[in-house]
Amino acid sequence: MERLEDPSRRRFFRGRVKTKQELRLPWVINEAVFTSGCTQCQDCINSCESNIIVKDEDGFPKIDFSLGECTFCNKCIDICEQPLFSGAFLEDNATEASTKDKTVNNKAKAWPVTLEISDKCLAKNNIYCQSCRDECETSVIKFNYLNSSIPQPSLNDLDCTQCGACIKSCPQDAIAFNFDQTTV
Ligand code: SF4
Ligand code: SF4
Ligand code: SF4
């Protein structure tokens, strides 16, 4: 696969301003490290057993949870030759940035995001649906009647593994990971 000499530089000179933050590979250090270090070789895209890694508009890999869930197989991390990842995944690729993050372990969040269910949710509009609960293996999403005639969803984000399985299951596209803070 042809590699760009410097994809991040090419993007800079195009003058494009990104307004949307993308979900990169799990446990990437941050967006700046990623876009300056990723060579766009596409090895991660080809290695993903769930086929959820796609190219963004600039050619960089991003996760698309509308295509499926992350199994945390770590194949994308293992195959990447660049020092883009935090914690245990960087033992063979130590950099100044990664050394700083050595305490990060597999229990750390894979992405700096929080799962949220928007008002597009059918149950929130008094139409019965519990598709997301059925998809969540860790029972993070629960339904209770509260003051409604239709059970309403709630989630305990602390127990969410960030697998993303519930996102594809939602017929209303109402579930999304929203960034906790600006990382671009
Ligand atoms: S394997 Fe690494 S360098 Fe190659 S496209 Fe994926 S993130 Fe970029
Ligand atoms: S950890 Fe595995 S399933 Fe998740 S994005 Fe990487 S290759 Fe795909
Ligand atoms: S992303 Fe979180 S809430 Fe959704 S299915 Fe996975 S563990 Fe459950």
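Just list whichever of LYS75/LYS142; LYS20/LYS62; LYS120/LYS168 have alpha carbons separated by over 21 Å in the model shown.
On the way: LYS75/LYS142 31 Å; LYS20/LYS62 12 Å; LYS120/LYS168 14 Å.
Distance filter (> 21 Å) returns LYS75/LYS142.
Solvent-accessible surface of region 103-166, taken per residue with a 1.4 Å probe and all protein chains present: 62 Å². Remark on VAL113: its backbone amide H falls under 5 Å from those of ASP180, a criterion applied only to residues 5 or more positions apart or on other chains, H modelled at 1.01 Å from N. Going by accessible surface with a 1.4 Å probe and the largest first, PHE143, PHE60 read PHE143, PHE60.
The values are calculated or read from the model by the stated rules, or taken from the named source; none is laboratory data. Because the structure is predicted, anything quoted here is derived from the model rather than measured. What goes into the accessible areas is simple: the full protein's heavy atoms, side chains included, and nothing from ligands, DNA or RNA. Shrake-Rupley method; radii C 1.70, N 1.55, O 1.52, S 1.80 Å.
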